[in-house]
Every structure is written in structure tokens, then in C-alpha cells.
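Novice: My structure is below; once you've seen it, I'll send some questions.
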Amino acid sequence: MHVDHHPLIHDFPEHRAELQRLRQDDAQFARQAEEYEALDKRICRIEDGIELLDDVALQGLKLSRVALKDDLAKQLKRAAGHCCGCGNGCRG
């Protein structure tokens, strides 16, 4: 069964400019984005049956992917001048 990748650019098309800028200007963001992309690709390989991993470990990888994506989304929102979702109205 083929599983679609979840590249950041497809999940956050409204933040395309911020994504490109942060990847170039923020080393920590760039590392996290690369980690997210690699993790997403690995999960897809596992779900496609190319790589083997037990279900419990796969769930752990998926939880890590969600946590990384949430953190990256907050950074993208702040970079766009919006509240990151903290509830305090940080406005970036």
C-alpha cells in the first residue's frame, strides 16, 4: 500500500516564504525540518513495507513526527507575525 509523504511545503503552503527563509536563515529550524522530512520518509518506507518495524515502534515514530511538525508549525506562524497558538496572543 502506497502512503503519501507529508512534506512541509504541502502541509503549510500559506507559509511557503517563511519556510524557505527559515530553512536558509535559522540553523535550528533547518535541522528540525530535515529531521521531520527524514522521519516522514522513513515512516512511509515502513508503511509501504520497504522497511520493517514493529507497530509499537512505528507509533513512536509517528508521535515524534507529530511533535516535530507541531513545533515547526509554531515557528512558521511566529515567523509570519501570527500567534504561535500559545493562547497568550504573542503575535509573533
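The values are calculated or read from the model by the stated rules, or taken from the named source; none is laboratory data. Quick caveat: nothing in here was measured; it's all calculated off a predicted structure. Note: ideal-geometry Cβ built from the backbone for every residue, glycine included; neighbour counts use all protein chains shown.
Novice: Is it the case that the stretch 18-33 has a residue that's in contact with a Lys or Arg (Cβ under 9 Å, 6 or more places away or on another chain), buried (at least 17 other Cβ atoms within 10 Å of the Cβ), acidic (Asp, Glu) and more than 18 Å from Asp4 (Cα to Cα)?
Specialist: As a first pass, look at the stretch 18-33 and keep what is in contact with a Lys or Arg (Cβ under 9 Å, 6 or more places away or on another chain): 18, 29-30, 33.
Among the residues that remain, those that are also buried (at least 17 other Cβ atoms within 10 Å of the Cβ) are: 18, 29, 33.
Checking the rest, the ones that are also acidic (Asp, Glu) come to 18.
From what's left, more than 18 Å from Asp4 (Cα to Cα): 18.
Yes, because at least one residue in the stretch 18-33 is in contact with a Lys or Arg (Cβ under 9 Å, 6 or more places away or on another chain), buried (at least 17 other Cβ atoms within 10 Å of the Cβ), acidic (Asp, Glu) and more than 18 Å from Asp4 (Cα to Cα).
Novice: List the number of the failed condition for Gln28; all other conditions in (1) assigned to a loop (DSSP other than H, G, I, E, B); (2) closer than 28 Å to Ala80 by Cβ hold.
Specialist: (1)
Novice: In addition: Tyr36 is checked against (1) surrounded by 13 or more Cβ atoms within 10 Å (Cβ to Cβ); (2) out of contact with any Leu (no Cβ under 8 Å at 6 or more places or on another chain); (3) not β-branched (Val, Ile, Thr) and fails just one. What number does that condition carry?
Specialist: Going through (1) surrounded by 13 or more Cβ atoms within 10 Å (Cβ to Cβ); (2) out of contact with any Leu (no Cβ under 8 Å at 6 or more places or on another chain); (3) not β-branched (Val, Ile, Thr) one by one, Tyr36 breaks only (2).
Novice: Here's a follow-up. Provide a single number: the residues in the stretch 49-73 that are in contact (Cβ under 8 Å) with a residue 12 or more places away in the chain and either touching a Leu at 6+ places or on another chain (Cβ under 8 Å) or under 17 Å from Pro7 (Cα atoms) (or both).
Specialist: 9
Novice: Name, by its number, the condition in (1) within 13 Å of the chain's Cα centre (by Cα); (2) assigned to a loop (DSSP other than H, G, I, E, B) that does not hold for Cys86.
Specialist: With (1) within 13 Å of the chain's Cα centre (by Cα); (2) assigned to a loop (DSSP other than H, G, I, E, B) applied to Cys86, the lone miss is (1).
Matching residues to (1) at pLDDT below 95; (2) more than 30 Å from Cys90 (Cβ to Cβ); (3) part of a loop (DSSP other than H, G, I, E, B):
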residue: Met1; (1), (2), (3): yes, yes, yes
residue: His10; (1), (2), (3): yes, no, no
residue: Ala33; (1), (2), (3): no, no, no
residue: Cys44; (1), (2), (3): yes, yes, no
residue: Gly49; (1), (2), (3): yes, yes, yes
residue: Leu52; (1), (2), (3): no, yes, yes
residue: Gln59; (1), (2), (3): no, yes, no
residue: Arg78; (1), (2), (3): yes, no, no
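Novice: Exactly one of these conditions fails for Ala27: (1) touching a helix residue (DSSP H, G or I) at 6+ places or on another chain (Cβ under 8 Å); (2) of a type outside the set (D, E, K, R); (3) free of Cβ contacts under 8 Å to residues at least 24 places away in the same chain. Give me its number.
Specialist: Status for Ala27: all satisfied but (1).
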